[in-house]
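Just below is one structure, and these are the notes that go with it.
Read-outs throughout are calculated quantities, based only on the coordinates presented, and are distinct from any laboratory measurement. Here the structure is a predicted model, which means the values were calculated and not measured. FYI the Cβ positions are ideal-geometry reconstructions off the backbone, even for glycines, and counts take in every protein chain you see.
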Amino acid sequence: MEFSSLHEFFMHTKTMTYLLMGGILVGAVLWWQFLMGEKRQIENPHQTDEENGQGHGH
Amino acid sequence: MKRRSFLGLMGAAGAGLAVPAPARAGVKDFRGFLETPGVLFDGTRCIGCRKCELACNQVNNLPEPEVPFDNLEILDSRRRTDASTFTVVNKFETPNGPVYRKNQCNHCLEPACASSCFVAAFRKNTDSAVDYDDSVCVGCRYCMIACPFEIPTYEYHKVLTPRVMKCTLCGPQMRAGELRLPGCVDICPVEAMIYGPRNELINLANRRFKQFPGRYVEQIYGEHEMGGTSWMYISGTPFRQVGLREDLGTKSAPELTAGALAAVPVVVAVWPVLLGGIYAINKRKEKIAAQEQKQAVAAAVAKSKEEAEEKLATSLSKAEEAANRRVDNEVKKAVKEALAKKEEELKAADASKPDEEEGK
Amino acid sequence: MSTETSTDFKSYLTPFNIITGLIIIAGLIVTVIRFTGGLAAVTNLDDNYPWGIWISFDLLCGVALAAGGYTTAAACYVFGFKKYQSAVRPAVLTAFLGYVLVVLALHYDVGRPWRLPYPIFVQQGTTSLLFEVGLCVFLYLTVLFLEFLPALFEWKGWKKLREVLVKMTLVLVIFGVVLSTLHQSSLGALYTIAPSKLHPLWYSAYLPVFFFVSSIAAGLSMVIFEGTLSHKYLHRMMDSEYNRNHNDVILGFAKGCSWVLFGYFALKMIGLTYDNNWHYLATGFGVWFLVELLGFVALPAFLFAVGARDNNFPLIKWTAILTVLGIVLNRFNVSLIAFNYHLPSEDRYFPHIMEIIISVFIVTVGIVAFRFISTRMPVFFEHPDYKGQH
Ligand code: SF4
Ligand code: SF4
Ligand code: SF4
């Protein structure tokens with residue numbers, strides 16, 4: 001694309017950036033859910049093996 | 001490294017810095033309006049006749065002014081553009097007598113008004129004119145804040161259709177073929193203004209500097225100011241004496257706001273990451289704390305349960321013992337009682353026997 | 001409230017109501033003049049001063065002082081200061097009303113208010129910082145509305161809808177912080193385009209950072225200030241939960257505010273050094289700059305620290321007022337006092353009385369709306385049905 005001034009150039013890039021920003025915000029929410037969605041117990045180094053003790057020795 | 005070549009390098013670098021480089025590293029350079037039309041105003045020629053004001057008023061169908069255009073006394077007061085005046089000529093007293101300068105929109109190469117408008121109502125046309133579209137203008141007047149030359153004005157008195165008003169470079173009329181030259185340029189009796197390709201105007205100005213040594217301040221106002229303008233000025237007195245600010249700098253409006261605008265997407269991308277991270281860290285801490293608390297509670301509960309059980313067991317066994325003892329006693333007592341009863345019966349039987357025998 | 005409806009007319013004639021009533025009547029009259037006579041009929045705005053106190057006070061100060069919403073919400077939900085929970089609702093309500101009033105004020109200020117949606121929906125001037133402000137204010141208003149809705153739903157008893165919104169709290173809070181950062185800073189950045197008009201002591205490439213950081217201080221101080229005000233006048237609406245945390249919140253916010261003001265002071269010094277503006281300090285504007293910097297930034301930072309260390313609540317309250325005044329002063333300096341500093345004094349702007357009336361009118365409308373809402377909806381107290389579940 002041809003731009004005859006810095007202003008025109010910015011008008012184009014800023015418009016694109018604003019669209020991208022919208023995408024980023026939506027993406028951030030979805031990614032967060034994907035990342036945090038699985039309900040796993042947080043691994044706790046101080047945890048005593050109480051619930052995890054089962055499963056062997058049957 | 002040898003000293004001479006080092007110095008040579010330095011010299012080369014220095015020279016490179018001194019000459020305005022056409023394309024600075026990392027900076028995009030756009031030169032779309034360097035050869036499009038512009039106007040050169042020569043302050044040494046202007047005689048302050050206000051004919052340009054008249055012409056501008058007529059070609060733009062502006063309302064008749066309170067003070068007629070042939071009244072030159074008004075030149076004694078400092079005026080600026082307003083909603084019904086796109087251009088004004090001001091008189092400046094200098095050591096060498098009065099000097100006149102015409103003021104109007106400079107049709108910047110990087111217009112601050114266009115950069116600042118949040119509905120993009122301004123557009124720099126291919127004929128250099130910075131056009132304004134009142135069909136979208138909201139009337140926020142940020143363009144007036146932004147313009148370094150204090151040009152745009154507003155129709156404050158209008159209720160429903162106030163517009164921003166400023167010189168159009170007669171763009172609409174010239175595109176429609178009604179005018180061949182901007183009205184003000186055309187009417188000037190002393191050719192104080194010349195309309196033509198901007199690069200040629202710059203050449204012309206430099207020729208005049210050479211032709212009349214000592215007559216001009218050898219500088220073209222508008223060549224670099226605020227990124228350059230299509231309407232430029234040359235003058236015989238320092239520009240600040242004719243109301244042109246020399247402290248504007250060469251940075252254009254888009255460059256001035258570039259930093260702030262560049263930070264916007266960064267905030268959008270980085271803030272959620274940071275804040276989400278902080279949130280997650282806090283949540284994790286909380287969860288661990290909660291778990292630890294739960295475990296502590298569970299442990300405490302288990303402990304007290306054990307103790308209780310133990311206590312129960314001992315007390316139970318004790319109770320049993322006691323119960324057993326009691327049972328024993330009862331039994332013993334019962335047996336004893338039973339035995340005693342038996343004995344009594346026997347004794348009684350013994351005693352009654354002889355009676356029976358006697359009775360027989 | 002049922003008792004209120006049965007009271008007769010006379011009991012409404014409290015001094016508060018009389019003054020409010022008079023202001024509102026005056027405001028309505030000026031409103032009519034504004035929209036029948038144009039801007040020229042009610043303002044002293046001219047071509048040199050396109051922006052007057054409706055921008056300086058209603059927009060710049062209004063937005064800065066409504067920053068309590070995002071700072072409190074962020075402190076509570078993101079940074080994990082759970083004990084500030086009870087301060088979130090009043091702060092969010094204030095912020096929401098604040099932004100509504102800002103938008104209302106803009107309807108008076110712009111030439112064609114019915115076109116206010118244009119920058120978002122018709123033609124986007126994306127190179128403009130004002131576009132950024134407009135877009136963010138529009139989005140943030142939506143976010144604040146959604147953040148406050150649970151209170152409304154609790155009042156109405158719509159549990160299902162409330163559930164949905166409460167689940168979105170974190171997302172809303174983070175969006176709110178992003179949008180606030182952007183438009184608070186962009187309000188300062190508006191002036192970066194006009195280096196030739198703003199006095200060098202106030203002009204800086206750091207203007208957006210100044211505005212953002214000072215908005216945090218403004219927000220925290222407003223929460224403290226409103227907290228003490230509401231405590232006095234709306235005490236009957238507060239539950240023990242709110243009251244128990246009230247002192248904690250005030251102490252925490254005083255500490256936070258002192259720390260932020262320290263950072264703001266540091267930034268201002270960086271600004272001075274970066275542009276090498278020290279020599280201006282010896283001029284008249286320099287003295288004024290020092291008054292702002294020392295009297296309204298450094299001093300409150302110090303007083304907040306002392307107040308928080310000594311548990312001195314009256315001192316904290318007065319310092320909050322000082323800080324708020326300082327931010328207001330700063331916004332006025334940037335947008336009016338140091339703006340167009342090069343113009344001769346006869347060309348300078350002074351607000352028209354009707355401009356002031358409209359500004360006072362708008363603040364009054366805000367106070368009335370705040371009272372109306374906080375005496376009905378669960379703002380200062382937890383709704384009995386939803387205790388402890390936020
Ligand atoms: S002089 Fe002012 S109004 Fe004219 S183009 Fe430049 S910024 Fe715009
Ligand atoms: S007043 Fe009109 S032209 Fe000027 S910036 Fe605002 S919307 Fe754009
Ligand atoms: S170019 Fe046209 S609009 Fe501009 S001052 Fe001259 S006559 Fe007026």
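Between B:Glu330 and B:Ala176, the simple label model (points 7 Å from Cα in the Cβ direction) yields a spacing of 12.4 nm.
Straight-line reach from C:Lys197: taking Cα to Cα under 12 Å and skipping same-chain neighbours fewer than 8 places apart, the aspartates and glutamates in range are B:Glu150, B:Asp247. Considering only B:Ala299, B:Ala192, B:Ala263, give the residue with the highest GNM mean-square fluctuation for chain B, with springs between Cα atoms whenever their separation is below 10 Å. Among B:Ala299, B:Ala192, B:Ala263, the largest GNM mean-square fluctuation belongs to B:Ala299. Work from the charge dipole of chain B (Cβ charges, +1 for Lys and Arg, -1 for Asp and Glu, about the Cα centre) and give the residue of B:Ala146, B:Cys46, B:Ala299 farthest towards its positive end. Of B:Ala146, B:Cys46, B:Ala299, it is B:Cys46. Here is the short version for chain B: B:Cys46, B:Cys49, B:Cys56, B:Cys108, B:Cys117, B:Cys137, B:Cys140, B:Cys147, B:Cys170, B:Cys188 have no other Cys C-beta closer than 4.7 Å. Any idea which of B:Val159, C:Leu329, B:Phe30 is furthest toward the positive side of the dipole for the protein assembly as shown, if Lys and Arg beta-carbons carry +1 and Asp and Glu beta-carbons -1? The Cα lying farthest towards the positive end belongs to B:Phe30.
For chain B, the longest principal axis of the Cα atoms and the long axis of helix B:198-211 meet at an angle of about 50 degrees. Taking 28 Å as the straight-line reach from the Cα of B:Lys303, the lysines in range (excluding those fewer than 8 positions away in the same chain) are B:Lys285, B:Lys287, B:Lys294, B:Lys311, B:Lys318. Helices in chain C that qualify as membrane-span-like (whole DSSP H runs, Cα extent of at least 18 Å along the helix axis, mean Kyte-Doolittle hydropathy of -1.0 or higher) are C:15-37, C:85-109, C:129-156, C:169-189, C:207-233, C:240-274, C:313-332, C:353-374.
Peptide B:272-282 shows a mean partner chain C-beta count of 6 within 10 Å per residue C-beta. Put in order of Cβ neighbour count within 10 Å, fewest first, the listed residues B:Lys342, B:Lys251 become B:Lys342, B:Lys251.
Considering chain C, its Cα convex hull presents a mean projected area of 20.8 nm². Relative to the Cα centre, the charge distribution of chain B, modelled as +1 at Lys and Arg Cβ and -1 at Asp and Glu Cβ, gives a dipole magnitude of about 2020 debye. Dipole magnitude for region C:250-365: computed about the Cα centre from +1 point charges on Lys and Arg Cβ and -1 point charges on Asp and Glu Cβ, it is near 420 debye. Put a dot 7 Å past the Cα of C:Trp158, heading toward its Cβ, do the same for C:Tyr280, and the two dots end up 5.1 nm apart. Annotation: for a label point projected 7 angstrom from Cα along Cα→Cβ of C:Leu343, residues of region C:197-231 with backbone N closer than 16 Å are C:197-199. Taking the empirical scaling 2.2 N^0.38 Å for compact globular proteins as reference, the protein assembly as shown has a Cα radius of gyration ratio of 1.42. Each Lys and Arg contributes +1 and each Asp and Glu -1, all at the Cβ; summed about the Cα centre of the protein assembly as shown, the dipole is approximately 1480 debye. Looking at region B:117-211, none of the chymotrypsin sites (Phe, Trp or Tyr not before Pro) sits in a DSSP loop with at most 16 other Cβ atoms within 10 Å of its own Cβ.
Here region B:120-262 is treated as a sphere whose radius is the Kirkwood value from Cα pairs; by Stokes-Einstein at 25 °C and 0.890 mPa s it diffuses with a coefficient of 141 µm²/s. In region B:287-345 the Cα-Cα distances spread across 10 Å bins starting at 0 as 19, 20, 17, 14, 11, 8, 6, 3, 0 percent of all pairs. Between the C-alpha center of region B:210-233 and that of region B:70-105 there is a gap of 20 Å. Computed log10 I(q)/I(0) for region B:208-360 at 0.11 Å⁻¹: -0.86, from the Debye equation with unit scatterers placed on every C-alpha and solvent omitted. Among B:Thr168, C:Thr273, the ranking by other beta carbons within 10 Å of each residue's beta carbon, starting with the fewest, stands as C:Thr273, B:Thr168.
With a Förster radius of 51 Å applied to the beta-carbon distance between B:Arg78 and C:Thr375, the computed FRET efficiency rounds to 0.35.
Sparsely packed loop sites in region C:289-333 (the chymotrypsin sites (Phe, Trp or Tyr not before Pro) outside DSSP H, G, I, E and B with at most 14 other Cβ atoms within 10 Å) do not occur. Helix B:253-359 axis versus longest C-alpha principal axis of chain B: approximately 10°, rounded to the nearest ten. Summarising the label geometry, the points placed 7 Å from Cα in the beta-carbon direction at B:Ile288 and C:Leu315 lie 3.7 nm from one another.
Taking 25 Å as the straight-line reach from the Cα of C:Lys156, the lysines in range (excluding those fewer than 8 positions away in the same chain) are C:Lys167, C:Lys387. The Cα trace of chain B gives Rg and Dmax of 52.0, 188 Å, the first to one decimal, the second as a whole number. Each of B:Cys105, B:Leu204, B:Gly171 was scored by the projection of its Cα onto the charge dipole of region B:24-262, and the greatest displacement toward the positive side belongs to B:Leu204; charges sit on the C-beta of Lys, Arg, Asp and Glu.
Counting beta carbons within 10 Å around each of B:Arg141, B:Arg240, B:Arg245 and listing the fewest first gives the order B:Arg240, B:Arg245, B:Arg141.
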